[in-house]
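Take a look at the structure set out below.
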Amino acid sequence: MRRWAKRAAVLGLAGLVGLAALVWVLPIPSGLETSHATLVLDRDGHWLRAFASPDEDRVWRIPVTEAELPEALVQAVLAFEDRRFFSHPGIDPLAVLRAAVQNARAGRVVSGASTLTMQVARMMDRRPRTYAAKLREAFRALQLEFHFSKREILVHYLNLAPYGGNIEGIGAAAWFYYGRPVSKLNLDELAALAAIPNSPNRYRPDRGAAALERRRNDVLERMAEAGQISIAEAEESAALPVTAVRRSAPMLAPHASEYLRRRHPGSAVIESTIDAELQHRVARLLGEHVRSLEPHGIGNASAVVIENETGVVRAWVGSKSFFDVASQGQVDGALALRSPGSTLKPFVYGLALDRGLVGLHTLLEDIPIHYRDWSPENFDGEWRGVVSVQDALAASLNIPAVHLAKLIEPDGLVRLLHRVGFAGFQRDLDRFGLATVLGGCEVSLLELTNLYSSLARGGLFREAALTKEDLEKERPQERWLSEGAAYLLGEVLTDVARPELPDLWRDTVSMPRVAWKTGTSYGRRDAWSVGYTRRYSVGVWVGNFDAAGVPELVGARAAAPLFFAIVNALPGVHADSWLTRPRAVETRQVCALSGDLATSSCPHTTTELALTSAPQGSCKHHVEIEVDDENGHRLCSRCRGSRPRHSHLTVVWPPRVASHLETSGYPVERVPEHNPSCERGLVGAGPVIHRPLDGDEFVLRQGVPTDHQQIALLASAESGSGVLHWFVDDALLWSGPPGIPVLLDPKPGQHRLVAVDQEGRSAAVRISIEP
């Protein structure tokens, strides 16, 4: 007997060693590494949208860490599922013995002996329930206990436990049954969740709320028996109704959530900066606005709200309805690249002001211009001759904006958009020209709104933040505009008349002060309205995602009303003050006509806000001349002598402007002819040739009469230059008033065209005509 006992002991020991070796050597199935869902939360931890795991069965599984697990949950699970969890090696012999006795007495299976570790083993390697599978679970449990700590096994259990339907794990159960993370649940709620995995189909709250309540109370009773909670706590929690309900996954910010999921692949929980309440408010206003435009063939809109001080996105509505297939609702209008119309103009004006090229009252030309194959026009098809900087920006005139865009090159608008990271401006910058300022490019609503937000920060640009992680990492600010220039832009943009208020809207105390700009793309495919208050920047795009043009798609009519509806709904905006005027902005007196520093000859002056770097030139439009009393000729210092004469104040316009004003029917004072007997003549500006441009090339069309291919010549002269002479290859072609188009019969070859005014001043260009 002793020999057999020895052999049995040796064999038992060998078996244990072999089992230990197998536990150590055999790999653990990969079931612990499961895919998971993605949950996007708002700034306060409320969920915005949830994405199911990429599994075929689309399971809702949101993993939690040990640090996120309340101790009360751990106690509830252990009290109900495995009281000796921390003392057994993965298999509980006492539980096995108890289950065997109970099942033998009942003649059927009425009790199980599975530990939490064995349940983890079963969930990571799901198989039909057989005795062989049970043995396999026991072996895997030993493996798990060997490789993981007890706390780690407990976390695995809570992340894999079934909670009914396609909900797996305590993380997903907390959100889908209570709408909060597990760390924010109460004792009665934790006890209910601890009970569900025991029989998920029976206890899931959408099917068995009453059964769940009884089972929850069992859990509370066991916790009290184990001394984990007091009897009073158990009774108090048991008296509460079960509030768990099966919630649908929310879709409050679907486009922003989709963007964040792409940007943070593999994240289970993404904490965004979106304000759920504001998001809901903006989405509702946007939907109502689009419905009012649908009879006009306008089917969609997008909106973005950014908090200026922090640069965080508080609302992001990509379309009127994410699930509206007819209007392509899943397209994200906040990220789509579209033509911005006139919304880029303020940044050109800002750069020109900052560099001291213009002041707010500086006059800009607003007359027809021609750049080889491009002739821009104003939106209303009219020209004003000259207009001040602030009036040109407020009226969103195209011609003055193009003049300024050319003036600030080469480090102009295109380089700015490249520097601040606009996606469409990161390569091939040479393809952009002056038309960029009029919308000849593509930008996104998010990019544009964020750039406007930099104006509210005094010219400091920073990347927009959309997650708490973005806020925590360093986001350096780059100054692209001085604080003073940004303030002047704001002063101009707040003076634009608002669609819902009379011109004196700023006197209405209850309404916020807003700097804003509209834009309309070519073909009326996109309508924009973008601007800012002291605290927020708002961007609105209205249009159709298929780029269908609609006559009513004009920024001021289609987008501005929604813009102001959102502005008026911003939290605290009505109590906001306006931006503080920087020290670099001062007041000065300028000529009311020219906008230059006033001289003694200027009859009227006005006060303007200006940077210390503003132009310092004196007014050249008001000129005092001396006129001969006898013949009315203009006299100069070379010929006036002792002639009887008198002083006369006149307004002198540049040649291009004077010619345009005259041909447009505006009264332009004729400067008296200079004294013809003056031997030295008059020094001044000569004529300006507008068409053709120097170096222009023309190709004759075969079979078309040359009189149908005539080339228009156009030149202007200084006011007072009554006659202009055109010469072609030194031969006189025509004489007459400046500003009149002259037609040239084309002849193949190289030609020199010269325009000469009556003072003998000239301008010349060369052209070529190919047969």
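What follows is calculated from the coordinates using simple rules that are stated; it is not laboratory data. Quick caveat, the model's predicted, so the values are computed rather than measured. FYI the Cβ positions are ideal-geometry reconstructions off the backbone, even for glycines, and counts take in every protein chain you see.
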Using a ≥ b ≥ c from the Cα gyration tensor of region 533-610 (square roots of the eigenvalues), is it rounded, prolate or oblate, where a/c under 1.5 gives rounded and otherwise the larger of a/b and b/c decides, a/b for prolate? oblate
Once you have all Cα-Cα distances for region 332-409, histogram them in 5 Å bins from zero and send the whole-percent values. 3, 15, 26, 23, 16, 10, 5, 2, 0
Whole angstrom only: what separates the Cα centroid of region 638-668 from the Cα centroid of region 722-738? 22 Å
Using only the Cα atoms of region 515-667, build the gyration tensor, take square roots of its eigenvalues as a ≥ b ≥ c, and label the shape rounded, prolate or oblate: rounded if a/c is under 1.5, else prolate if a/b is larger than b/c, else oblate. oblate
Give, in nm to one decimal, the length gained when the segment between Glu71 and Arg207 is fully stretched (0.36 nm per residue of separation minus the Cα-Cα distance). 46.1 nm
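In the chain, which helices (entire DSSP H runs) extend 18 Å or more along their own long axis, judged by Cα positions, while averaging at least 0.5 on the Kyte-Doolittle scale?
Helix filter hits for the chain: 2-25, 93-106.
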Could you compute the FRET efficiency for Glu770 and Ser248, with r as their C-beta to C-beta distance and R0 at 56 Å, rounded to 0.05? 0.20
Extension length gain for Arg291 and Asp218 (0.36 nm per residue less Cα distance), in nm, is 20.9 nm
Debye calc, one equal point scatterer per Cα of region 391-544, no solvent, log10 I(q)/I(0) at q = 0.08, 0.13 1/Å comes to -0.25, -0.67
Taking Cα pairs under 8 Å and at least six residues apart, what relative contact order does the chain come out at, in percent? 9 percent
Simple label model, 7 Å out from Cα along Cβ direction - Arg284 to Ser762, nm: 7.5 nm
How large is log10 of I(q)/I(0) for region 403-462 at q = 0.22, 0.26 Å⁻¹ when the intensity is taken from the Debye formula with one equal scatterer per alpha-carbon? -0.95, -1.23
Taking R0 as 35 Å and r as the Cβ-Cβ distance between His264 and Ala226, the FRET efficiency 1/(1 + (r/R0)^6), rounded to the nearest 0.05, comes to 0.30
Provide the gained length on full extension for the span Phe379 to Asp546, in nm with one decimal, where the gain is 0.36 nm per separating residue minus the Cα-Cα distance. 57.8 nm
Quick check on region 152-199: take the gyration tensor over C-alpha atoms, sort the square-rooted eigenvalues as a ≥ b ≥ c, and tell me if it's rounded (a/c under 1.5), prolate or oblate. rounded
Pop the C-beta distance of Gln426 and Asp729 into the FRET formula with R0 = 45 Å and round what comes out to the nearest 0.05. 0.40
Quote the relative contact order of region 160-227 in percent (integer), defining contacts as alpha-carbon pairs under 8 Å separated by 6+ residues. 28 percent
From the coordinates shown, Kirkwood radius over Cα pairs in Å corresponds to which of (1) 32.9; (2) 27.8; (3) 36.0: (1)
